[in-house]
Amino acid sequence: MNKTKELLQAILNLITHTTFRIFAIATTLVYIALVIGWQFTQFDAAQTEPVLLKPDEQTQQLSSNVRTGLHIHSFPRFSFVQNDFLMDGIIWFRFPKGTESIKTLDDFSIQYSLVKDDKLLFRSDPIIKLLGDEVLVAYHIQVEFKTMLRFKNFPIGDHSLHIIVQNRSITPQELILTADQRDLTINPENLIENWSIRAKRASYGYIKSILCPEQADMHISYPCVVFSIDFKNNGTRDLFSLYFPMFVLFFIALFSLLFRITDTSRLTYIASAVPILVLFRMVIHQLSPIIGYTTHIDFVYYTLVMLSLLILIFQIYVILTIQKKKIGESSSHEAKEAHEYIQKMNDVLFMAILVTLIIALIFVYHR
């Protein structure tokens, strides 16, 4: 029991030293920078891949197989935050002579695209070319579309862009669209800033829409191909614009715990930092995507606000206690005991907040 008390007293003596406090703050700052920097360098697209049903071997043998490809010239408009994309490119289909009609292929569309009069933003007439015993049919297109995105790591997160080519006028028993990674090509001058292409891939199959769950044969199926591109976020503007001001305001609030207990300016510092930190939510809301769940920046923000409010409540308690007990003005035994008690609470709170911040960042990183 005595050893435990001695250990606790030794810890309290250690955290009262100014050198140790500065070292603790510096260590925390380095840890924060390393955690955010490490997460920024890792690739985590967050969103799941589109689920396609694979045709069985018999269906694939009996149906007409049409090789499908996509060449992307550029993205005149490209925004993951707004989920808004404008793509200029070429869709092409390749198949043996006499196995498929151009009229059937002409009914292709892009999933989640914005259409006018059931047409893409632009689609050229089919360009037909003979390649030996095969036919190549290509279309110049411009399409405005959205995709499936997850923003749990915003503003750090990377993304996968899924472009789904589909033909809803035919069934998988009649036609299968096939593709592999080689069928997706991208012009290096693609007008994308702050994003680099990490990987690309293609998958094919069909999508089934269940019309009546009670009847197994009540469904509609259509073939499709998914061209996926993994984009790595290289931009750091949002990262610094959002994190740097928050942590500056928080550490201003934290520094108020380093002043003398009897110094009334302790409350002034925290009282000026907390309202600005609370109002910073408007900046986060303006730069964040419109979603219904919390992101990485939300968790960090709420953590800093809660810890800052805890400091504010403690500082109010200290000021009220000083005024009541007249600490610093009286040499009575009661005033000295109150001073020592508040000082210990101040030291413990200082370290507890740093530890809580570190644990919170670990949780945010691994959630």
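What you get for the chain, charging only the Cβ of Lys and Arg (+1) and of Asp and Glu (-1), is a dipole of about 1280 debye around the Cα centre. The alpha carbon centroids of the range 280-296 and the range 149-171 are separated by 21 Å.
Along the range 244-259 the Karplus relation, 6.51 cos²θ - 1.76 cosθ + 1.60 evaluated at θ = phi - 60°, assigns HN-Hα couplings of 4, x, 4, 6, 4, 4, 5, 6, 5, 5, 5, 5, 5, 7, 8, 6 Hz to successive residues, with x for each Gly and Pro. Just from its helices, what would the mean residue ellipticity at 222 nm be for the chain, if runs of 4 or more DSSP H residues each count -39500 (n - 2.57) and the sum is divided by every residue, rounded to the nearest 500 deg cm²/dmol? -14000 deg cm²/dmol, from helical runs alone.
Label zone (residue 260, point 7 Å along Cα-to-C-beta; backbone nitrogen cut-off 15 Å) within the range 338-359: 339-340, 343. Which FRET efficiency, nearest 0.05, do residue 355 and residue 194 yield, Cβ-Cβ r, R0 45 Å? Using R0 = 45 Å, I get an efficiency of 0.80.
Each principal axis of the range 80-227 carries a Cα extent, and these read 49, 48, 31 Å when sorted largest first. The share of accessible area on the chain that comes from carbon and sulfur is 60 percent, using a 1.4 angstrom probe.
Within the same chain, aspartates and glutamates fewer than 8 places from residue 103 are excluded, and of the rest, those with a Cα less than 19 Å from its Cα are 117, 118, 125, 134, 174.
Placing a pseudo-label 7 Å from each Cα along the Cα-to-Cβ vector at residue 281 and residue 112 gives an inter-label distance of 2.9 nm. Accessible surface for the chain, divided over its residues, is 55 Å² per residue with a 1.4 Å probe. For the chain, the antiparallel share of DSSP beta bridges with both residues in that region comes to about 90%.
Can you compute the label reach from residue 59? Point 7 Å from Cα along the Cβ direction, backbone N cut-off under 13 Å, restricted to the range 125-168. Under 13 Å, as judged by backbone N against the label point of residue 59, lies no residue of the range 125-168.
Assuming 1.567 mPa s and 4 °C, estimate D for the chain with Stokes-Einstein, Rh taken as the Kirkwood radius over Cα pairs, in µm²/s. Translational diffusion coefficient: 51 µm²/s.
Pairs exceeding a 22 Å alpha-carbon distance, out of 129/208; 54/200; 97/200: 129/208; 97/200.
The values are calculated or read from the model by the stated rules, or taken from the named source; none is laboratory data. Everything numeric in this text was worked out from a predicted model, so none of it was measured. Neighbour counts run over all protein chains shown; Cβ positions are idealised from the backbone, glycine included. Ligands, DNA and RNA are excluded from the accessible area calculation, which covers all protein heavy atoms including side chains. Shrake-Rupley method; radii C 1.70, N 1.55, O 1.52, S 1.80 Å.
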